[in-house]
Amino acid sequence: MDTSAKGLRVLVTAGAAGIGLAIARTFRDHGARVFVCDIDDQALAGLDKDIGRTRADVASRADVDRLFAESHKALGGLDVLVNNAGIAGPTGKVEDIAPEDWDRCIAIDLTGMFNCTRKGMPLLKAAGGGSIVNLSSAAGRHGFPMRSPYSAAKWGVVGFTKSIAVEAGPDKVRCNAILPGIVEGERIERVIAAKAKALGVSHEAFRKELLATTSLHSTVTAQDIADMALFLCTAAGSRITGQAIPVDADVRYLV
């Protein structure tokens, strides 16, 4: 199976930590040249020296314009765009969610993908084709109580992905979505804490309930997600497009 990324020019949003960093390093380790953006200055400063970087908020079109100018200068083109940037958004019943919290979640998790894909598509076409990977979530295929902004955005990512796949297929640009489940790390622990507090239960009690929603009763790792991204963007996945692919230990429902 050919998963060589040698010669690929790869841009990863929110690529200085977590899933994004795992994706950036995996492509780098398989021969790609990689550029990332993030809003975490500390994470950017500590990034591997052979990975290009800049500070950019994907919800800001001015930032995205600058991101693509800087990444193009560093990479000389684009073969792979990984739209990874996203936030958890607010936790609460819909009537209790502040409109500005809804707006911010949608702006980053969905509109940010539009902002980057809009700028990246001409570069992918100019390269003779390429691949886009959009990070959705298990919340993009299940209803998610008390997380309606996040779920709405992640369902939107799937629709966006499928539309772009049809639209850009004739130009040899493939587009797929990865739907992670419960990914190990600080972010999911913050989500568990917020949901536990909202439901009035302990952190550990809710964590146990959460894992029971998966067939494997387990989390997944950032590396699991990175491996799928690499597969989709290399020769091994060259006939796969328009798909929403769960990497989630089989999440059956969300709580």
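The values are calculated or read from the model by the stated rules, or taken from the named source; none is laboratory data. The structure presented is a predicted model; accordingly, all values stated were derived computationally and were not measured. Every residue, glycine as well, gets a Cβ built from its backbone with ideal geometry; the counts of neighbours run over all protein chains shown.
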key: Output for segment 176-200, where each listed residue is crowded, with 17+ Cβ neighbours inside 10 Å and either under 13 Å from the mean Cα position of the chain (by Cα) or of a type in the set (D, E, K, R) (or both)   = 176, 177, 178, 179, 180, 181, 183, 195
query = Which residues, taken from segment 106-130, are assigned to a helix (DSSP H, G or I), small (Gly, Ala, Ser) and either in contact with a Pro (Cβ under 9 Å, 6 or more places away or on another chain) or surrounded by 20 or more Cβ atoms within 10 Å (Cβ to Cβ) (or both)?
reply = 112, 120
query = Exactly one of (1) surrounded by fewer than 24 Cβ atoms within 10 Å (Cβ to Cβ); (2) more than 30 Å from residue 70 (Cβ to Cβ); (3) at pLDDT 95 or above is unmet by residue 138. Its number?
reply = (1)
query = Can you name every residue in segment 67-79 that is assigned to a helix (DSSP H, G or I) and either under 20 Å from the mean Cα position of the chain (by Cα) or acidic (Asp, Glu) (or both)?
reply = 67, 68, 70, 71
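In segment 131-146, which residue that is without any contact (Cβ under 8 Å) to a residue 60 or more places away in the chain and either in a loop (DSSP other than H, G, I, E, B) or aliphatic (A, V, I, L, M) (or both) is farthest from residue 5 (Cα to Cα)?
The first filter runs over segment 131-146 and keeps only residues without any contact (Cβ under 8 Å) to a residue 60 or more places away in the chain, leaving 132, 134, 137, 146.
Pick out the ones that are also either in a loop (DSSP other than H, G, I, E, B) or aliphatic (A, V, I, L, M) (or both) and you get 132, 137, 146.
Working: 132: 14, 137: 25, 146: 40 Å.
Ranking the qualifying residues of segment 131-146, first place goes to 146.
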message = Please verify whether residue 66 is closer than 15 Å to residue 14 by Cβ and among the basic types (Lys, Arg), treating the condition exactly as stated.
response = no
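Go through segment 43-56 and report how many residues are over 18 Å from residue 10 (Cα atoms) and either in a loop (DSSP other than H, G, I, E, B) or touching a Leu at 6+ places or on another chain (Cβ under 9 Å) (or both). Steps first, please.
Looking only at segment 43-56, we keep the residues that are over 18 Å from residue 10 (Cα atoms), and these are 43, 45-46.
Filter once more, so that each one left must be either in a loop (DSSP other than H, G, I, E, B) or touching a Leu at 6+ places or on another chain (Cβ under 9 Å) (or both): 43, 46.
Total meeting the criteria: 2.
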task = For segment 10-25, state whether one or more residues are modelled with pLDDT of 95 or more, out of contact with any helix residue (DSSP H, G or I) (no Cβ under 7 Å at 6 or more places or on another chain) and in a loop (DSSP other than H, G, I, E, B).
result = no
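Every residue in segment 201-210 that is closer than 11 Å to residue 182 by Cβ and surrounded by fewer than 17 Cβ atoms within 10 Å (Cβ to Cβ), please.
First, the residues of segment 201-210 that are closer than 11 Å to residue 182 by Cβ: 207, 210.
Across segment 201-210, there are no qualifying residues.
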key: Residue, nearest to residue 146 (Cα to Cα), within segment 80-98, restricted to residues that are within 18 Å of the chain's Cα centre (by Cα), among the small types (Gly, Ala, Ser) and modelled with pLDDT of 95 or more   = 89
remark   = Within segment 158-175, of all residues that are surrounded by 14 or more Cβ atoms within 10 Å (Cβ to Cβ) and in contact (Cβ under 8 Å) with a residue 60 or more places away in the chain, the one farthest from residue 135 (Cα to Cα) is 169
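Go through 234, 214 for me and flag whichever is without any contact (Cβ under 8 Å) to a residue 40 or more places away in the chain and over 17 Å from the mean Cα position of the chain (by Cα).
Working: 234 fails: without any contact (Cβ under 8 Å) to a residue 40 or more places away in the chain.
Exactly one residue qualifies, and that residue is 214.
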inquiry  = Against the condition outside any loop (DSSP other than H, G, I, E, B), closer than 24 Å to residue 187 by Cα, touching a helix residue (DSSP H, G or I) at 6+ places or on another chain (Cβ under 9 Å) and free of Cβ contacts under 8 Å to residues at least 24 places away in the same chain, how does residue 103 come out, does it pass?
reply    = yes
query = Counting only residues that are crowded, with 19+ Cβ neighbours inside 10 Å and of a type in the set (Val, Ile, Thr), which one in segment 40-69 is nearest to residue 133 (Cα to Cα)?
reply = 58
